Structures are given as structure tokens and as C-alpha cells.
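**Q** Questions regarding the structure given below will be posed in turn.
The values are calculated or read from the model by the stated rules, or taken from the named source; none is laboratory data. Nothing here was measured: the structure is a model prediction, and the numbers come from that model. A quick note on method: Cβ atoms are made from the backbone with ideal geometry, for glycine too, and the neighbour counts reach across all protein chains shown. In case anyone asks, the SASA skips ligands and DNA or RNA and just uses the protein heavy atoms, side chains included. Shrake-Rupley method; radii C 1.70, N 1.55, O 1.52, S 1.80 Å.
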Amino acid sequence: MSKDCGNHGGGKEAAVRRICAAVIAFIIIVLVTIFLVWVILRPTKPRFVLQDATVFAFNLSQPNLLTTNFQVTFASRNPNSKIGIYYDRLHVYATYRNQQITLRTAIPPTYQGHKEDNVWSPFVYGTAVPIAPYNSVALGDEQGRGFVGLMIRADGRVRWKVGTLITGKYHIHVRCPAYINLGNKAAGVLVGDSAVKYTLVTKCSVSV
């Protein structure tokens with residue numbers, strides 16, 4: 001009787017081992033399939049262009065305080081013919097010489113289909129933002145010469161969609177140089193009473 005019980009126990013263990021082996025094999029097959037699809041399709045990172053910037057406020061005051069208000073327009077293109085892109089999170093902000101000078105503005109999550117274009121026009125702003133003294137001096141010099149060099153940034157996370165397969169989340173970093181001629185309002189288009197819209201059409205660097 002005890003011998004039969006032992007056989008029954010061994011049978012259960014063998015069944016459990018077979019189930020575990022089947023599950024592991026299935027996971028391996030799925031991962032290999034995803035890898036092969038990924039390698040064959042070779043996804044290309046999205047392309048970004050900073051089209052324009054509308055300046056509502058740009059005031060440097062003492063002691064080293066900067067107040068800004070912009071509306072920037074991004075155009076993003078998915079160059080892939082068989083891969084979609086989920087933008088799960090994207091925050092836009094401006095920096096000057098690697099110092100953040102505005103708050104981060106969130107762009108609503110969106111899906112970008114094959115060969116599709118998206119355009120976003122978020123506002124980025126900061127009120128009496130303290131900046132480093134040496135940056136304040138440099139910014140004052142640039143304002144005196146007319147042109148101010150900023151960096152419009154977008155940081156977030158994306159996922160790739162290949163057929164019915166959706167990958168995990170990847171970090172995306174977008175960097176768009178913006179050289180704005182604040183010293184010459186005639187270089188832009190007057191918007192409302194005092195804002196000026198400057199056309200930029202600047203290619204952005206993208207890392208994923």
C-alpha cells in the first residue's frame with residue numbers, strides 16, 4: 001500500500017514538472033518570436049521638429065529671477081511602416097545652459113500609427129524662477145545682442161506596437177535648440193497685443 005502511495009506522489013511531481021517545462025518553453029518561444037520580429041522590422045525612433053515658439057513673456061529681473069511664458073509647437077513623425085508608437089508620458093520644458101527655467105507641461109498620452117504625424121502645442125512657463133548668477137549674466141548679454149539660445153526638451157516613455165505585440169516602456173529624450181530673436185519683434189508675427197510668434201523649424205535630437 002505504501003508503495004502505491006509513493007508511485008502516486010511521483011506521478012504528481014512528474015506532472016508538475018511537465019507543466020512547468022511547458023510554461024517555460026512557451027515563454028521562451030514568445031520571447032524569441034518578439035526578438036525575431038523586432039530584429040526583422042528594425043524599428044526607427046520617431047522624428048521631432050520644433051516648428052515655432054510664441055513668446056508671451058520673457059523678463060529677467062534682479063536678483064537673478066526669470067519669468068517666461070511660451071507656446072511651442074512640435075511636429076512628430078513615426079517613420080516606421082509596420083510599427084506604432086504609444087506615447088505614455090511626455091513632459092515638455094525649457095532650459096537655458098542646462099538649467100531648467102520653466103515648469104514641466106504634460107502632453108496627453110497618445111498613439112501614433114504607421115507613418116503618422118502628430119502636432120502638439122503646449123505652453124511652458126515659469127514665474128520668478130531663480131537662475132544661477134553666471135547664467136543670469138550670460139542671458140542678459142544675449143538679450144542685449146538680440147538672440148537668446150534656449151533648449152526645448154521633452155522627456156517621457158514610449159512603447160512600440162508590432163502587430164498585436166506591445167513592448168515594455170522605453171525612455172525617450174527629445175532636445176530641440178531654439179534661437180529666438182527677442183531683440184527684433186519684426187522677425188516674428190504679432191499675436192494679440194504683445195505676444196510674438198517666431199518660426200523656427202529646428203530638427204530635434206531624439207534618443208530612446
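**Q** Give me the residue from region 72-90 that is touching a residue at least 60 places away in the same chain (Cβ under 8 Å) and more than 22 Å from G168 (Cβ to Cβ) and, out of that set, surrounded by the most Cβ atoms within 10 Å (Cβ to Cβ).
**A** The selected residue is V72.
**Q** Taking region 46-62 as the region of interest, how many residues are outside any strand (DSSP E or B) and either crowded, with 22+ Cβ neighbours inside 10 Å or in contact (Cβ under 8 Å) with a residue 60 or more places away in the chain (or both)?
**A** Final tally of qualifying residues: 1.
**Q** Now for a different question. Go through region 175-208 residue by residue and tally those that are without any contact (Cβ under 8 Å) to a residue 40 or more places away in the chain, of a type in the set (G, A, S) and in a strand (DSSP E or B).
**A** Within region 175-208, residues that are without any contact (Cβ under 8 Å) to a residue 40 or more places away in the chain, of a type in the set (G, A, S) and in a strand (DSSP E or B) number 1.
**Q** Please verify whether region 163-174 includes one or more residues that are touching a Leu at 6+ places or on another chain (Cβ under 6 Å), under 30 Å from P108 (Cα atoms) and not in a helix (DSSP H, G or I).
**A** Taking every residue of region 163-174 in turn, none turns out to be touching a Leu at 6+ places or on another chain (Cβ under 6 Å), under 30 Å from P108 (Cα atoms) and not in a helix (DSSP H, G or I).
**Q** So, one more: When region 115-157 is examined, which residues are found to be in a loop (DSSP other than H, G, I, E, B) and either of a type in the set (K, R) or modelled with pLDDT of 95 or more (or both)?
**A** K115, E116, S121, P122, I131, A132
Table: residues versus (1) open to solvent by 60 Å² or more (accessible area, probe 1.4 Å); (2) in contact (Cβ under 8 Å) with a residue 12 or more places away in the chain.
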residue	(1), (2)
V92	no, yes
R104	yes, yes
Y134	yes, no
Q143	yes, yes
K161	no, yes
T164	yes, no
K169	yes, yes
